[in-house]
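Novice: The structure is given below, and queries will be raised subsequently.
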Amino acid sequence: MLRDAKAAGQTVFLSSHVLSEVQQTADHLAILRDGRIVKQSTVAELREAAIRRVRVVVEEPQSSAARAVLARVDGLGEIAVEPDRDGAVAFTATLDSHVDAFVKAVATLSVVDLTIEEPDLEQTVLGYYSTEEAR
């Protein structure tokens, strides 16, 4: 019914704690905390600003270069390093900025594998409930 109303150009107000439902049906949203709006945004803007998990795998001889490149990427959280198969090294971190700078940085490396997880709207919204600045 919500999709039909939306397709007909109608405005629908939806209050839900099921964020996957909100993500699938809403264009705009407001996040409430203690009865106050703490964030107004489009779903697309909220997803763009969401934290993503990233993983880049390089051949072992490039691991020092990869570490230096990743250390310069703004918005990249603490970087974990672990051996991967066939002599490769995997770097994982969280990214709380636009993916463009990250992709351009890793493009300078010889990448074996790259994963950028789809941002989770629920994780982003919960961040507004766990920070003091949202109060």
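Novice: Using 0.36 nm per residue, how much length does the chain from GLN23 to GLU59 gain when fully extended, once their Cα-Cα distance is taken away?
Specialist: Additional length available on full extension: 9.2 nm.
Novice: For GLN123 and ALA101, what does the FRET efficiency come to when R0 = 22 Å and r is the distance between their Cβ atoms, rounded to the nearest 0.05?
Specialist: Approximately 0.55, to the nearest 0.05.
Novice: Moving on to the next point. Once phi is turned into ³J(HN,Hα) by the Karplus curve 6.51 cos²θ - 1.76 cosθ + 1.60 with θ = phi - 60°, what whole-Hz value does each residue of region 19-33 show in order, with x for glycine and proline?
Specialist: Couplings: 5, 5, 5, 4, 4, 7, 10, 9, 9, 10, 8, 10, 9, 9, 9 Hz.
Novice: Now for a different question. If packing is taken as the average count of other Cβ atoms within 10 Å, what order do 27-34, 117-124 fall into, highest mean first?
Specialist: Going by the mean number of other Cβ atoms within 10 Å, highest first, we get 117-124, 27-34.
Novice: Let me know the shape class of region 26-110, please: from the alpha-carbon gyration tensor, a ≥ b ≥ c as square roots of the eigenvalues, rounded when a/c is under 1.5, otherwise prolate if a/b is greater than b/c, or oblate.
Specialist: prolate
Novice: Still on this structure, please answer the following. Would you mind pulling out the separation of the Cα centroids of region 1-49 and region 62-83, in Å?
Specialist: The distance from the Cα centre of region 1-49 to that of region 62-83 comes to 35 Å.
Novice: Could you give each residue of region 50-67 its phi-based ³J(HN,Hα) in whole Hz, using Karplus coefficients 6.51, -1.76, 1.60 with θ = phi - 60°, and x for Gly or Pro?
Specialist: Karplus-based 3J(HN,Hα) across region 50-67 equals 6, 7, 10, 9, 10, 9, 10, 10, 10, 5, 3, x, 9, 5, 5, 5, 5, 4 Hz.
Novice: Further question on the same structure: Under the rule a/c < 1.5 gives rounded, and otherwise a/b versus b/c splits prolate from oblate, where does region 6-64 land using the Cα gyration tensor? Each step should come with its number before you reach the end.
Specialist: On the way: a/c = 3.72, a/b = 2.35, b/c = 1.58.
Judged from the Cα gyration tensor, region 6-64 comes out prolate (a/c at least 1.5, a/b above b/c).
Novice: Another question about this same structure. Compute the acute angle (0 to 90°) between the alpha-carbon long axis of helix 121-130 and the principal axis of greatest extent of the alpha-carbon atoms of the chain; round to the nearest 10°.
Specialist: That works out to roughly 80 degrees.
Novice: Between ASP84 and residues 5 or more places away or on another chain, which pairs have amide H atoms under 5 Å apart, with H built 1.01 Å from N, and which residues are they?
Specialist: Here VAL89, ALA90 satisfy the definition.
FYI, it's all coordinate maths here, none of it is from the lab. On a predicted model such as this, the values are computed, not experimentally measured, just so you know. Backbone-built Cβ (ideal geometry, glycine too); neighbour counts: all protein chains shown.
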